[in-house]
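Have a look at the structure below before the remarks.
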There are 6 protein chains.
Amino acid sequence: MEEFDLTSMTWKEVEEALKTVQLAIIPIGAHEQHGPHMVESCDAVLAEKMAQKLGKRMFPYALITPTINMGVSQHHLNFPGTISLQPTTLIAILKDVISSLKHHGIEKFLLLNSHGGNQSTLNVASLMLTKDLDVEIYYAKTTASAKNAIKENVTSPLFGHSCEREVSEALYLAPELVRLENLEKGDIQEEGRWKQLRPGKAIQGFYYYEEMTKNGNIGDATKASWEIGQQIVEEALDNLSNELFKLLDLKVDVHQKI
Amino acid sequence: MEEFDLTSMTWKEVEEALKTVQLAIIPIGAHEQHGPHMVESCDAVLAEKMAQKLGKRMFPYALITPTINMGVSQHHLNFPGTISLQPTTLIAILKDVISSLKHHGIEKFLLLNSHGGNQSTLNVASLMLTKDLDVEIYYAKTTASAKNAIKENVTSPLFGHSCEREVSEALYLAPELVRLENLEKGDIQEEGRWKQLRPGKAIQGFYYYEEMTKNGNIGDATKASWEIGQQIVEEALDNLSNELFKLLDLKVDVHQKI
Amino acid sequence: MEEFDLTSMTWKEVEEALKTVQLAIIPIGAHEQHGPHMVESCDAVLAEKMAQKLGKRMFPYALITPTINMGVSQHHLNFPGTISLQPTTLIAILKDVISSLKHHGIEKFLLLNSHGGNQSTLNVASLMLTKDLDVEIYYAKTTASAKNAIKENVTSPLFGHSCEREVSEALYLAPELVRLENLEKGDIQEEGRWKQLRPGKAIQGFYYYEEMTKNGNIGDATKASWEIGQQIVEEALDNLSNELFKLLDLKVDVHQKI
Amino acid sequence: MEEFDLTSMTWKEVEEALKTVQLAIIPIGAHEQHGPHMVESCDAVLAEKMAQKLGKRMFPYALITPTINMGVSQHHLNFPGTISLQPTTLIAILKDVISSLKHHGIEKFLLLNSHGGNQSTLNVASLMLTKDLDVEIYYAKTTASAKNAIKENVTSPLFGHSCEREVSEALYLAPELVRLENLEKGDIQEEGRWKQLRPGKAIQGFYYYEEMTKNGNIGDATKASWEIGQQIVEEALDNLSNELFKLLDLKVDVHQKI
Amino acid sequence: MEEFDLTSMTWKEVEEALKTVQLAIIPIGAHEQHGPHMVESCDAVLAEKMAQKLGKRMFPYALITPTINMGVSQHHLNFPGTISLQPTTLIAILKDVISSLKHHGIEKFLLLNSHGGNQSTLNVASLMLTKDLDVEIYYAKTTASAKNAIKENVTSPLFGHSCEREVSEALYLAPELVRLENLEKGDIQEEGRWKQLRPGKAIQGFYYYEEMTKNGNIGDATKASWEIGQQIVEEALDNLSNELFKLLDLKVDVHQKI
Amino acid sequence: MEEFDLTSMTWKEVEEALKTVQLAIIPIGAHEQHGPHMVESCDAVLAEKMAQKLGKRMFPYALITPTINMGVSQHHLNFPGTISLQPTTLIAILKDVISSLKHHGIEKFLLLNSHGGNQSTLNVASLMLTKDLDVEIYYAKTTASAKNAIKENVTSPLFGHSCEREVSEALYLAPELVRLENLEKGDIQEEGRWKQLRPGKAIQGFYYYEEMTKNGNIGDATKASWEIGQQIVEEALDNLSNELFKLLDLKVDVHQKI
């Protein structure tokens, strides 16, 4: 076994794994439209793939839980097929998952999240559940820490949803998510509230995604490639595993491990 | 396309599919111990596989949603790795999924459930959400309706969890769930409350699964086979699709469809 | 005193009774239409009467709580006078009753339920409250275990609500519930979803009772009698008390007790 | 029929009654200790009896619902047998009862309450449910308006729980609630917080009933009589029915009705 | 320092104060219309001012928390500007404030409330939170205990909202709340439900304030004065501090303290 | 009147103001430790002052509501005096405030927040309440948009809580919040989880503030000044008012207005 993936283990194997495991990695995605060139399970699948790769690096100190395959996607709801959980529902799921695993002896958790729309809910969840369940809860965007690779490869001023970055990740991690024959640039709306409400602006606020883009994606997916995906994913995995080993305070040589 | 599986569709494909779709099939599983010879994602995977097969039969009238891959498994919680949702959490997830899909125009729902421990919660959910969301909600155990195949092939007096029936289904639908080298009969406890509390007894009540079986399964998994699985699964799919076509009140020749 | 009925005891008498009491019996009924020949409190009264009789048999080991005289009756709501509790409300009531009685030292509970529509909610309640309150919770339909008497006396293929079985029970336990001059067979609807959704069918689901019966009852109340009621009730009480004594693990001769 | 009591009506009788009914009377009691001389169902039974008498006076304009036979009794919980609902549970029950009856066409409600400990919760409920359900909600203590009869007959400076007033009401309405052989004055504690926290004091606050009285009652039950009960009950019924007829804005001669 | 006001203290000063503090005073107001001559923050400001004065008298045994500056004002909501909290929201705030302060070591609490519409909610809160948080909770209307001063100075038969009593209190405590040029008597409605539903009547119930008064106030504000305010406020502070010192069971000479 | 501040208006003045008002500004602060040199109401007061200044600029198109003077401060709870609301409580308050104001005709809202720890909760609130209440909800940190003034004046690598930026804002807006005689640099902990979990790091997570700083503040308060405060505040007000006027889509010359 090269990773502890709860979904493919028997209870006796889990019992054995718990002798070394200190951390549970909970993959969290979304089910939402990703423009004309990505299927709607994109975030769920990418979170799962990243969790598996990170689990390998953290072996035998981490185990991977089932993927939370829907998330907070209210802003995408007017595109057909999108399913959105209430933030309170996502927190309830996390409470149940974490308290079940605490029952098995795990006290540190990483919420590994591929969907920007979940981040605030995860912040709130980590605060509430740390207190309610007396555990340590961390959370991370799957590839946000790959700053060098992103800076080098992503050129669109507005990116982050079914763009060259995300499509590249998918080409590397799960190419079946991509409709190569349909790759499109985001069909950005000239005007609208969204321009005032993007991250970094003076004011934030809820807006619907179709206010910003007609085809549902942003950035330029036609520039995506397997190589860019590899660069981003591996840099992120380096960063995440380095930080996690520090947090676990392990007396191991991290680089030797990887 | 031979089925409408939301997880592998783009929003434009969903938009097209919604022209014929009348029903959403929501696969519901669990994440729980299944004895020494099945992995813990068993119920989630079986629900998903059954939903895909049922979706094919109901094409182009049904679509399949992402799988709810955890369920109500409190009674298995003392076996390592089991994760249990509170019944209220499962109902909250269903409320969000169903109201999202109602936003897209779907008004009939089948909760296709592979895990007995979810049934009462699904009954409560169907009652509450029918009223709150003004939709039609049906639910079914994935293979419970295959009464002939089960009667013919399942001989253990106590069966229903990682037994010859479930292992056979897995061998047919998802053999990677089974550890063929570990197949074991249930290691049933001689005495205990559980004997008084089984279905059909005068009194019911909550008990922990280890009160009934030491190794976590019941029945006799060593008698499982691909052929039994095929018989059970196909009989169940016949029954489910027949009933659904009647419920949809379609003016189509059901047998011709299949 | 031949029974410990909380509603007719002073606190000093309760204090004395608690020296032997190990179990609380909580009668749970409903307030809903019962066709033209039974009044709407039927289930509440029958649950109360059964609890009193069972309490006598379990004396001095059980006490009887006040009756929960409304239940989950959403499916009857279109018949005038029906009152329905949300499942969450019924669970909240049970949580309060059980935690109050636990404060007095009782740790085993039987939810004695006369109304089929409550069963799933009681299953969910027993699971949730066992965990939350750290007690043992059992539940039972009042007379469902009287299989012999029912098999012998009930001939309608579709029965269970204001039918020969229930009216017979009422004639024996509380004849004031019955309008003898109005006894009617169920006025069953020829067609409809209900036929597909009855217990044992491939698919279940919520439907309104008027989809199934125009006059609100099923079965054939004209065949009811005091004698049938006596047979059913006493067989059920035999079964329930036998099982409860086993669950209490009493070193007493059960039959001598009765 | 001289009253419309939902518990003893068939749905067809309710259907007929709804042609004139404008108001539902919901009796609300409690299940709590009442000292050595009254049984614990006292408040539930008195509320029910009062509702029946008031229903007769309001016939055919009012109907009586099933009695809510437990209430908010946290302050009595240290006396054996007391059961207390959370205020939120009582509000949930009322929401379900009122919304069910609104479904049947009733839009005015009287919460007829015999237990002081419920009053604040009923005030909160009337405010919340008026808004949520768009109905008119009134509430009243069963006999608090009988100011003349109380002034004339009740001499204890501290009364209101199993005292001469309440025992007298019971002797008139439901003598089976009273243990005549055990009548006792309240065994009042000399000192304690309770003296500072009674109604009318500068500060209020929660205290347990045993801080105030060792035997669980206050006042002087030995002075109770059927005649005092009759005086109090009938004066209260005069007041309540007069006020209700005004609220219903009926063009009927109230006194002729009674 | 003459008072411990949390809003104007650093954490080191709070740390020092906690060596003597036994009680937290939580001022609770409302944000609601007060007729043409008082601004809408009236209750919030008066509660805060009273808390500061009471805190001075209780120094160094009490500290004052931030003011809860909105309350339950559903009945005023049809007057422009009124903001109303749900009772459940107010209870949630109190739960958070009290549990935070219990974390700092305080176990006694006075909810000092200036707004009648909050009283029932505070009663419910004190009952629920006493149990949930294991603390002592008291509550008081700011000036209701000044019975002599009120009897002597308030002559309107219907008073209690922006009347001579409240305006006088404001003139003494916070004259900026009053529009002296607009002082008006309440413009009382001749007819209406309100007449039947006032405190002391046989029946209570929710009604909107405009059913009772067209200009939003009652009583006669033109009779208000600084002197009346002083008399009421100081009598109330005498009563409140006397009672609190008794509740704290301090071995100090109360009058010397003040 | 130069601003519409609900706390100092009568209902008639509000009625008049509502003729032009399109936006409500809701100031949101916190009650938490701010090191040895700022009092605990700091965030509440700064939010209120900023709202008043912004309200002046937006006059007569905006009104200012009462300040929410406590917030989500779980991470500061181990410093004496801190009070923390649950995120769900803050959302409940906002729901009540916004739905009350929607009742008065306002449909656009700015949550003007001075406390970083509230941001995620406000993001969640804006998403949930936009949907539930059908309004437009925006939120902003009070001075975060003053990027030039901050870049120019704030030199500490780690700042944002009782640092030179916040103390400067206070010196300009509310100098009474500052203990000039106690100004201290943050007493930063050399080691700890916090270093890995700051904004911009690969992983985020909940940690307690004392893990990062012994005296409770960060940055260097000794460098604060009135002038820096003025620069930051006025730049932020320029940005906020510019953005709001665009969002209101007013046909007015914004600069002339200010």
Residues of type lysines that residue C:223 reaches as a straight line, Cα spacing below 29 Å, ignoring anything fewer than 8 places off in the same chain:
B:201, C:49, C:53, C:141, C:147, C:151, C:185, C:195, C:201, C:214, D:12
Compactness check, segment D:1-141: C-alpha Rg relative to the 2.2 N^0.38 Å globular estimate gives 1.05
Given points 7 Å out from each Cα along the Cα-Cβ axis, report the residue D:132 to residue D:158 separation in nanometres with one decimal.
3.7
Reference-scaled alpha-carbon Rg (2.2 N^0.38 Å with N residues) for the protein assembly as shown:
0.95
So if I average 1/r over every pair of distinct C-alpha atoms in segment C:1-82 and take the inverse, what Kirkwood radius in Å does that give?
13.7
In terms of the Cα gyration tensor, with a ≥ b ≥ c the square roots of its eigenvalues, is segment E:201-251 rounded because a/c is under 1.5, prolate because a/b exceeds b/c, or oblate?
oblate
Highest GNM mean-square fluctuation among C:233, C:167, C:14, for chain C with Cα springs under 10 Å, belongs to C:14
Relative contact order of segment F:1-93: what whole-number percent is it, with Cα pairs under 8 angstrom and at least 6 residues apart?
35
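What ranking of C:141, D:214, D:223 emerges when the number of other C-beta atoms within 10 Å of each C-beta is taken as an exposure proxy, fewest first?
D:214, D:223, C:141
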Fewest first, what order do C:155, A:67 take by the number of other Cβ atoms within 10 Å?
C:155, A:67
Taking θ as phi - 60°, what are the ³J(HN,Hα) couplings along segment C:232-249 by the Karplus curve (6.51, -1.76, 1.60), each to the nearest whole Hz, with x for Gly and Pro?
5, 4, 6, 5, 5, 5, 4, 5, 4, 5, 4, 5, 5, 4, 4, 5, 7, 6
Mind listing the phi-derived Karplus ³J(HN,Hα) values for segment D:201-210, rounded to whole Hz, using 6.51, -1.76 and 1.60 with θ = phi - 60°, and x for any glycine or proline?
6, 5, 10, 10, x, 7, 9, 7, 4, 5
Pairs of Cα atoms under 8 Å, at least six residues apart: use those to get the relative contact order of chain A, whole percent.
22
I need D:9, E:128, D:1 ordered by Cβ neighbour count within 10 Å, fewest first.
D:1, E:128, D:9
How high is the FRET efficiency from residue B:246 to residue D:102, r the C-beta distance, R0 51 Å, rounded to 0.05?
0.90
Dimensionless Rg ratio for chain B, taking C-alpha atoms and the 2.2 N^0.38 Å reference
1.01
Can you give me the pair-distance distribution of segment C:167-246, C-alpha pairs, 5 Å bins, whole percents?
3, 14, 16, 15, 14, 17, 15, 5, 1, 0
Two-decimal Rg/Rh across segment B:109-258, once Rg and the Kirkwood Rh are taken from alpha-carbon atoms
1.02
For residue A:31, which sequence-distant residues (separation of 5 or more, or a different chain) have an amide H within less than 5 Å of its own amide H, given hydrogens modelled in the peptide plane?
A:71, A:83
Alpha-carbon centroid distance for the pair segment E:167-242 / segment C:1-56, whole angstrom:
50
Hey, what number do you get for chain A at 222 nm if only DSSP H runs of n ≥ 4 count, each worth -39500 (n - 2.57), divided across all residues, to the nearest 500?
-12500 deg cm²/dmol
State, to one decimal in nm and shortest first, how far the label point of residue E:234 sits from each corresponding label point in the other identical copies (label point: 7 angstrom along Cα-to-Cβ).
4.8, 5.4, 8.4, 8.4, 9.8
Largest fluctuation, E:243, E:235, E:166 only, Gaussian network model of chain E with Cα springs under 10 angstrom, belongs to E:243
Among all the aspartates and glutamates, which ones have a C-alpha under 17 Å from residue C:131's C-alpha, if same-chain residues fewer than 8 places away are not counted?
A:96, A:132, B:210, B:211, C:96, C:107
Residues with amide H under 5 Å from that of residue F:38, placed H, sequence gap 5 or more
F:179
Top of B:122, B:111, B:180 by mean-square fluctuation, Gaussian network on chain B, Cα under 10 Å:
B:180
Tell me, what HN-Hα J-couplings in whole Hz come from the Karplus equation 6.51 cos²θ - 1.76 cosθ + 1.60 at θ = phi - 60° for each residue of segment F:39-51, using x for Gly and Pro?
7, 6, 7, 2, 5, 5, 5, 5, 4, 5, 5, 4, 4
Interchain or long-range residues, amide H under 5 Å from residue C:185's placed H
C:221, C:222
Give the lysines reachable from residue F:19 as a straight Cα distance under 20 Å; neighbours fewer than 8 places away on the same chain don't count.
F:56, F:102, F:108, F:246, F:251, F:257
Quick check of the Kirkwood formula: for segment B:109-184, what is the inverse mean of 1/r over all pairs of different Cα atoms, in Å?
14.4
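No value in this document is a laboratory result; all are computed from the given coordinates. Only a predicted model underlies this, so the values are computations on that prediction, with no experimental measurement involved. Positions of Cβ are generated from backbone atoms using ideal geometry, with glycine treated the same way; all protein chains shown enter the neighbour counts.
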